[in-house]
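Some notes on the structure that comes next.
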Amino acid sequence: MKYAVIGAGGMGIQYGVLLQEFAHKDVDFIDTWKPNVEKIREQGGAYVSQDGQDRHLVPIDVYYPEEYTGNPDAWIVFLKQMQLDGVLKRCAHLFNDKQVVFSAMNGYGHFEKLNEYFAKDRIYGGTALIGAYVYGPGDFNFTGGAHAKAMNLCAYADTVTDKVSAVEHELYEDFKAATLNPTIVDNFIGMCMAKIVFNSVLNTLCTMYQIRFGEFHAHPDSRWLTEQLVDEAYGAAEAAGFKLLGTREKEVETILHTAGVAHPLHYPSMYQDLTKGRPTEVDYINGYIARIGREHGYVCKLHEFLTREVHLAERAFAIHNPDIVAQARADAEASKPITE
């Protein structure tokens, strides 16, 4: 397959670079963040490092949506939920019914949006326990080595035909070669909900208190806090009729192992958004859990509270760091298409 990545941020760069370097795939990158695109072009590629070490330049080709003329077999989409509508509209002229699309974005809501452009049997979802940090335009750090990475892969189609399965296995082999350590699962909503539950603990709490995963894990109440949030999230999922991939106990252990062993140095993407003056995705994570609970008669007091707490943290950061927030807004404005 030939790939094109929409969203040349931390995760998009990591997937694309690893596919390029280890799976030896042809990969293009599309982005709308002007400082990022121009910096990558200026330096002839993206600087990448692993856990802060071995920083080196990887040649990549990056394009704005309006100038890209390629025709990839598979799209990989890594955007913020709030960006997705606008960027997909800018890329719509590039999509055709022979292509497939894969996404492992945080939160929930993106697959319905992708379904506006791709048939269900051409959509593949994933969840990734894979860390990345954006130092700045054109400069990226991957956290956790090859053995610390893990991801799930699942077809979005209601009926998995031989053709759908064949593409799924081709994606699996490419991701495996790229050291992303994929596992194919057959419970789409359960897969997605498990990652949302994971993010609802580590992403949210580490963002509110601006700490790394390992610093959360070292706190004596980390297990208790994790158990409370996981239990409430599972209650909401069960009320909605969703069956998650594992038990409450297994999810708690996954979260604590990731925080303390696999990725202790990692700052979550929500933290990165907060500290760079951008809106967070908390409404698509804790807010999503609270919403499905509310819609099915199960009140999620903890997740409702944390959603509002993160929005308060956003406001507090803006009060104390007006220059950073102003720059983030200027960057967002610069990323809009010229025709707007």
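The values are calculated or read from the model by the stated rules, or taken from the named source; none is laboratory data. Here the structure is a predicted model, which is why all the values come from computation and not from measurement. Note that we place each Cβ from the backbone using ideal geometry, even for glycine, and neighbour counts take in every protein chain shown. The accessibility values were calculated without ligands, DNA or RNA, using every heavy atom of the protein model including side chains. Shrake-Rupley method; radii C 1.70, N 1.55, O 1.52, S 1.80 Å.
The GluC sites (Glu not before Pro) found in region 60-163 that occupy coil by DSSP, while having at most 13 further C-beta atoms within 10 Å, are E116. Annotated for region 52-194: lysine pairs at least 8 residues apart or interchain, Cα distance under 16 Å, count 7. Both numbers refer to the Cα atoms of the chain; Rg and Dmax are 19.1, 55 Å. Here K243 is the anchor, and the lysines within straight C-alpha reach of less than 17 Å, apart from those fewer than 8 places off in the same chain, are K195. The relative contact order of region 54-173, computed from alpha carbon pairs under 8 Å that lie at least 6 residues apart in sequence, is 19 percent. Both radii were evaluated on the Cα set of region 226-285; the Rg over Rh quotient, with Rh as the Kirkwood radius, amounts to 1.04.
The portion of the accessible surface of region 134-290 made up by carbon and sulfur, rounded to a whole percent, is 54 (1.4 Å probe; DNA, RNA and ligands excluded).
Around the Cα centre of region 146-229, unit charges on the Cβ atoms of Lys, Arg, Asp and Glu (plus for the first two, minus for the last two) sum to a dipole of about 320 debye. Each residue of region 23-29 was assigned a 3J(HN,Hα) from its phi angle through the Karplus curve 6.51 cos²θ - 1.76 cosθ + 1.60 (θ = phi - 60°); the sequence is 8, 6, 9, 7, 10, 10, 10 Hz, with glycine and proline shown as x. Near the amide H of I6, within less than 5 Å, lie the amide hydrogens of I30, I76, V77, F78, all on another chain or at least 5 residues away, with H placed in the peptide plane.
If DNA, RNA and ligands are ignored and the probe is 1.4 Å, what is the ranking of I6, I189 by accessible area, most exposed first? Before the final figure, lay out the partial values.
Numbers: I6 0, I189 45 Å².
Accessible-area ranking of I6, I189, largest first: I189, I6.
Given axes a ≥ b ≥ c from the Cα gyration tensor, I'd like to know whether region 75-221 is rounded (a/c under 1.5), prolate (a/b larger than b/c) or oblate. The shape class here is prolate.
Helical content of the chain, expressed as a calculated mean residue ellipticity at 222 nm, amounts to -14500 deg cm²/dmol (DSSP H runs of 4 or more residues, -39,500 (n - 2.57) each, divided by residue number, nearest 500).
Each Cα pair under 8 Å and six or more residues apart adds its sequence gap; the mean of these over the residue count of the chain is a relative contact order of 16 percent.
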